[in-house]
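Engineer: Here it is, the structure, as structure tokens.
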Amino acid sequence: MPLYRRLPKRGFNNKRFAPAYITINVKDLEVFDNGTTVDAKAIAEKGIISVPKNNDGIKILGNGELTKKLNVTAAKFTAAAKEKIEKAGGTATEG
């Protein structure tokens, strides 16, 4: 049996290089006042997230409802989250 067939096969794993986002839902943004600018710093101050050192930003998911007009800045948005924020009269800015 040749050596290359006896050795275990190990493939490439992208998990180490994949982006690691902190995910929060639209319903978690309901704690902010109407007309507030919401970013990672404001979310951490409210205690919604504790900011770990190794992350690539915040991703807003579309679970729940939003009744307040907010200006949200995050790294990523799902299509449903962006739609719900804009439907409530706010803005969703990726950055």
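Engineer: Among (1) on the phi < 0 side of the Ramachandran plot; (2) in contact with a strand residue (DSSP E or B) (Cβ under 8 Å, 6 or more places away or on another chain); (3) modelled with pLDDT under 95, which single condition is residue 32 missing?
Structural biologist: Status for residue 32: all satisfied but (3).
Engineer: Assess whether residue 10 counts as being charged (D, E, K, R), assigned to a helix (DSSP H, G or I) and more than 14 Å from the chain's Cα centre (by Cα). Break it down into steps so the answer makes sense when it comes.
Structural biologist: Values: charged (D, E, K, R): yes; assigned to a helix (DSSP H, G or I): no; more than 14 Å from the chain's Cα centre (by Cα): yes.
No: the conditions fail for residue 10.
Engineer: While we're here: Name every residue in segment 1-28 that is surrounded by 10 or more Cβ atoms within 10 Å (Cβ to Cβ) and of a type in the set (D, E, K, R), in order of residue number.
Structural biologist: The answer is 27, 28.
Engineer: Take the residues in segment 29-59 that are within 21 Å of residue 89 (Cα to Cα) and among the acidic types (Asp, Glu), then tell me which one is surrounded by the most Cβ atoms within 10 Å (Cβ to Cβ).
Structural biologist: So the residue we want is 39.
Engineer: Which ones in segment 18-44 are part of a helix (DSSP H, G or I) and farther than 16 Å from residue 67 by Cα? Write out each step before concluding.
Structural biologist: Residues of segment 18-44 part of a helix (DSSP H, G or I): 26-31, 40-44.
Across segment 18-44, the qualifying residues are 40, 41, 42, 43, 44.
Engineer: While we're on this one: Suppose we keep only residues that are small (Gly, Ala, Ser) and under 13 Å from the mean Cα position of the chain (by Cα) within segment 62-79. Which one would you say is surrounded by the most Cβ atoms within 10 Å (Cβ to Cβ)?
Structural biologist: Step one: list which residues in segment 62-79 are small (Gly, Ala, Ser), which gives 62, 64, 74-75, 79.
Checking which are under 13 Å from the mean Cα position of the chain (by Cα) leaves us with 62, 74-75, 79.
Working: 62: 18, 74: 23, 75: 16, 79: 8.
Filtering first and then ranking leaves 74.
So that you can scan it fast, the table gives a plain yes or no per residue for (1) in contact (Cβ under 8 Å) with a residue 12 or more places away in the chain; (2) of a type in the set (A, V, I, L, M, F, W, C):
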residue: 15; (1), (2): no, no
residue: 18; (1), (2): no, yes
residue: 48; (1), (2): yes, yes
residue: 53; (1), (2): no, no
residue: 67; (1), (2): yes, no
residue: 71; (1), (2): yes, no
residue: 83; (1), (2): yes, no
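The values are calculated or read from the model by the stated rules, or taken from the named source; none is laboratory data. The model shown is predicted, which means the values in this text are computed figures rather than measured ones. When we count neighbours, we look across all protein chains shown, and the Cβ atoms used for this are built from the backbone with ideal geometry, even at glycine.
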